[in-house]
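Read through the structure below, which is laid out as structure tokens, and then see the notes.
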Amino acid sequence: MKREFSPKQIMQMILVCFLLVAVVYIFYRADHAELSQLNGPVTASQGAAPLENESDPALRSFTYLLDKGESTEYYLNYEDNPVMRYIANYKTFEASDGTQQRVLMSFQVPPAGKEADNLSLLVSTQSYPDVMSMTYFGGSLAELYEAGNILDLGPYIDQYMPNYKAWLEANPQVIATTPVGDQDLHLTLTGIRANLSAYDLFAGWCYRRDWIVRYGVQPDTLFDPMADSESRPNPKAGQAFSGHYTLDKDGNAIESAALEANVNGDSWVDDVIFPSGHTDPIYISDWEWMFEIFERALKEQGIADGYVTSVYYPGFNLNGDLVSSFGGGCPWLWYDAEHNEVKFGGDSDTFKTYLACMNAWWNRGWIDKQFAERSGDMYYKIDDVTVRSGKVGFWQGSVSTLGSRISNAALPYTEGAVVFGAANPINDVYGGPEQQLKIPDTFFGTAKYGGSVVVTDKAKEKDLALLFHWLDYFYTEEGAMLSNYGFSAEQQAQLQDATYLRFGVDAAYTLVERDGQQMVRFHDLLKVNDGNIRTAMNGSRVTGLGSPMLVDYGDTDTYVQHCIGQWDLYKPTGFMALYPFNHQLPVNAVQSNNKVYSRIVNEYMYVQVPQFITGKKNLESDWDTYCADLKKRGYQKVLKSFNELLQESDAE
């Protein structure tokens, strides 16, 4: 029998449902109270004095598209970022009428992994915000300007951004303008680094130092081809190496050969010396001596599914990296700083010599036989599972593999692992004089400038003076300290920020003296940016002045010298991504270059180059045909577009 409810009963049930929803909401709000802090104008209860004559909120409300936001572990919206809250609530900026006003800035964050698609959609539908980060923009700035989507920032920089303008004047190498017809316009604001540090590098060459100690012996002779006239006998020839840890986790001096629970895994020292006479591998001959040891280590441990080293699946890295060791440059486009010229390296003697070396390593069994099949791996995470299983001697990896970080008692081949960093090597074995004893110059590196934002036509009817003064704040000393490092102890004592309190951070940093220089030292929780906790506590998602001070991470000298320092040993003067002109081409040039890149790199080099490494193609009989095919694909047009831009800049 079907039961029927009276209107009164139906109303009672609806009321019960509303009450249940209300209870759930109350508990949710209570659980997330700290993640829902007030943004925008400060109320009296927050301790900030109210402003007189605050202007129309519509004129001082702006939107800003970031590259990415933070995990909801920290807060739900970027408006709740501690630094953004502080600026919104406690800082005022000069408005167009000369009064001091607070800026009501709201932030948009793209879906993770969809940054480029999100930006493209916003532009195509013209639903973009007032300010946009352009890191993931693949089109032409000039085209956006000509369509009326973005503003020429030059007049606003001159009038409202004295700090940004001063940094541009102090860094004349920054090409901050974009050619539009016969004009050069300021279409973006560029991020600028005051200081560069090796700690800005996230990846580099890594090797099993402990394998050298365990399976290697002192070389018979020592010879540095760039410093010595002849080799000299090694008085310790044939002797075993030794090594030990020197500090416990409290910083006390110890001497332990084993990585026990209380040992600082970054304090390893040893007496390893390479055939060049250096304690780090400097030359290709040092690498090959090391590879022989790794080959022996794999055999003696019975590791059948490991290998000495690998290469990126196309057979090369577009950044240059190891290719640059054989005469400089990279296989695609690189910048010859001495001659102010962009060059193509895919058909160069440098690249041919690199391939000869890779073929020799392949024939000796040192290179992973499946390297060309690992197309899903990033170049700094090739076959990461095998690396972290302790079955690889040499790889290009991240900071997380350095020191004792991959050592794991549960994985027998990693137990006691000590990983050191290595610089790009200098070739002293392969090719002729033009390919030997040349300092590598083209590889991934940190830039003096990078990242940019545009201001769109959506902001035209708002108080632009107020907006540009706000943007300029991030190029001041105070704004840069906040956005890069977060709150000092004094600031947090005043603000009592809930996010800092929840994680037990009384100050994001302190100022210390090291080597006669004042530096920043992060709170212990923030020294390693695990889970992006450091960026969650500062405001570095907003473009501005980066690294206003150097950072003292408190690391051991061993870790700094042999790991981070080696990655930063040479300067990447040829790395195109470091130069703003890489993003300043006219519309037609960008479109044409993208097509040429696809024809040359994706469709041709990615197919042909691995075959030279594995010997399926011969470097003597097949090289000329390969080079001729490259020229047919039109890289000369790409070079012309860049070099004409550089010549125009020189003429100015």
Worksheet entry | Residues (open to solvent by 40 Å² or more (accessible area, probe 1.4 Å), among the β-branched types (V, I, T) and in contact (Cβ under 8 Å) with a residue 24 or more places away in the chain) located in the range 113-157 | T135
Worksheet item: Restricting the search to the range 286-313, which residues are out of contact with any Gly (no Cβ under 7 Å at 6 or more places or on another chain) and either assigned to a loop (DSSP other than H, G, I, E, B) or on the phi > 0 side of the Ramachandran plot (or both)?
Response: G302, I303, A304, D305, G306, S310, V311, Y312, Y313
Worksheet entry | Single residue of the range 598-652 satisfying the filter (in contact (Cβ under 8 Å) with a residue 40 or more places away in the chain and of a type in the set (S, T, Y)) that is surrounded by the most Cβ atoms within 10 Å (Cβ to Cβ) | Y635
Worksheet item: List pairs: first in the range 71-82 and more than 15 Å from L526 (Cβ to Cβ), second in a helix (DSSP H, G or I), Cβ under 6 Å, 6+ apart or cross-chain?
Response: Y75/L35; L76/L35
Response to the item:
Expected output for the range 177-198 (first residue without any contact (Cβ under 8 Å) to a residue 60 or more places away in the chain and over 30 Å from C563 (Cα atoms), partner open to solvent by less than 70 Å² (accessible area, probe 1.4 Å) and among the small types (G, A, S), Cβ below 7 Å, 6+ apart or cross-chain) is L185/G154; H186/G154; H186/A176
Worksheet item: Does the range 417-436 include one or more residues that are open to solvent by 20 Å² or more (accessible area, probe 1.4 Å), of a type in the set (D, E, K, R), over 23 Å from the mean Cα position of the chain (by Cα) and closer than 27 Å to H562 by Cα?
Response: yes
Worksheet item: Could you list, in sequence order, the residues of the range 507-532 that are modelled with pLDDT of 90 or more and in contact with a Phe, Trp or Tyr (Cβ under 7 Å, 6 or more places away or on another chain)?
Response: A507, A508, Y509, V520, R521, F522, H523, L525
Item to complete: Would you point out the residue of the range 202-223, among those that are more than 18 Å from D271 (Cβ to Cβ) and assigned to a loop (DSSP other than H, G, I, E, B), that is modelled with the lowest pLDDT?
Response: F202
Item to complete: Kindly indicate which of A589, A577 is open to solvent by 10 Å² or more (accessible area, probe 1.4 Å), closer than 25 Å to E146 by Cβ, out of contact with any Leu (no Cβ under 7 Å at 6 or more places or on another chain) and modelled with pLDDT under 90.
Response: A589
Worksheet, complete the sentence: Note on K448: of the conditions (1) open to solvent by less than 10 Å² (accessible area, probe 1.4 Å); (2) closer than 22 Å to S197 by Cα, unmet is (1)
Discussion item. Between F316, F274, which is modelled with pLDDT of 95 or more, under 30 Å from K631 (Cα atoms) and either open to solvent by less than 40 Å² (accessible area, probe 1.4 Å) or not in a helix (DSSP H, G or I) (or both)?
Written reply: F316
Item to complete: Would you kindly identify the strands (runs of 3 or more DSSP E) lying entirely within the range 323-414 that contain at least 1 residues that are surrounded by fewer than 23 Cβ atoms within 10 Å (Cβ to Cβ) and among the small types (G, A, S)?
Response: 394-398
Worksheet entry | Conditions (1) open to solvent by less than 20 Å² (accessible area, probe 1.4 Å); (2) of a type outside the set (A, V, I, L, M); (3) touching a Lys or Arg at 6+ places or on another chain (Cβ under 8 Å); number of the one not met by D286 | (3)
Item to complete: Go through the range 451-504 and give me each residue that's open to solvent by less than 10 Å² (accessible area, probe 1.4 Å), within 18 Å of I157 (Cα to Cα) and among the acidic types (D, E).
Response: D472
Fill in: Filtered residues of the range 542-593 (kept if of a type in the set (V, I, T), out of contact with any strand residue (DSSP E or B) (no Cβ under 9 Å at 6 or more places or on another chain) and either without any contact (Cβ under 8 Å) to a residue 12 or more places away in the chain or over 30 Å from K640 (Cα atoms) (or both))
V560
Worksheet entry | Members of the range 513-527 that are in contact with a strand residue (DSSP E or B) (Cβ under 9 Å, 6 or more places away or on another chain) and either under 27 Å from D67 (Cα atoms) or open to solvent by 30 Å² or more (accessible area, probe 1.4 Å) (or both) | E513, R514, Q518, V520, R521, F522, H523, L526, K527
Worksheet, complete the sentence: Scanning the range 415-451 residue by residue, those part of a strand (DSSP E or B) and aliphatic (A, V, I, L, M) turn out to be V419, A422, I426
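The values are calculated or read from the model by the stated rules, or taken from the named source; none is laboratory data. From a predicted model like this one, the values you see are computed outputs, not experimental measurements. All Cβ positions, glycine included, derive from the backbone under ideal geometry; neighbour counts span all protein chains shown. Just so you know, the surface numbers come from the protein's heavy atoms only, side chains and all, with ligands and any DNA or RNA stripped out. Shrake-Rupley method; radii C 1.70, N 1.55, O 1.52, S 1.80 Å.
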